[in-house]
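The values are calculated or read from the model by the stated rules, or taken from the named source; none is laboratory data. If you're wondering where the values come from, they're calculated on a predicted model, not measured in any experiment. Quick reminder, even Gly has a Cβ in these numbers, built from the backbone with ideal geometry, and neighbours come from all protein chains shown.
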Amino acid sequence: MTQTTNESGRTMVEMLGVLAVIGVLTAGAISSINFGVQSVRTNMIFNLVEETAQAVRDVYSFDRNYHSDASKMKDRLCPSENANVLPDKCDKTGTHAFIATPYGKLEIQPDAGNGFKIVVNNLPLTVCQRLLDQQWTTVDTPAGNCEGETGGTLTFTTY
């Protein structure tokens, strides 16, 4: 007598194998997406620093005396809600003019010398390191610390 088996569907082991493959592919995709988002944010900060430095130079193109009117610097950079000279919406509620970034804020401050500083706070470690390694054209190479998971601070001084 011959016994016939009627198989329909997959075994549990085959289904677990399929789920494992799907899990590995999904983890790789999520990692790639996170890296891409972080790269976009890093490039955004890079562009904001470059454009802000140029905008500040344009505002002070006649006198280049950034520290002579430290109390009025934010008023010159953010004269009103509709008349920003900075590359993005600027806020002057604090001591200095600043622009919001994905990680915190970018502050524009007069320097003790004859220049100005752009300070970026609360940068994640990887973003901070990438910005330190960038080739800058409109500002000096940044100084600062990139320690801890967050809280890295970079200062760009320019004249």
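Taking the criterion of being within 25 Å of CYS128 (Cβ to Cβ) and modelled with pLDDT of 70 or more, would at least one residue in the range 76-88 satisfy it? Yes, the range 76-88 has at least one match. For the range 44-62, taking the residues that are under 16 Å from PHE156 (Cα atoms) and of a type outside the set (A, V, I, L, M), the one that is surrounded by the most Cβ atoms within 10 Å (Cβ to Cβ) is identified as THR52.
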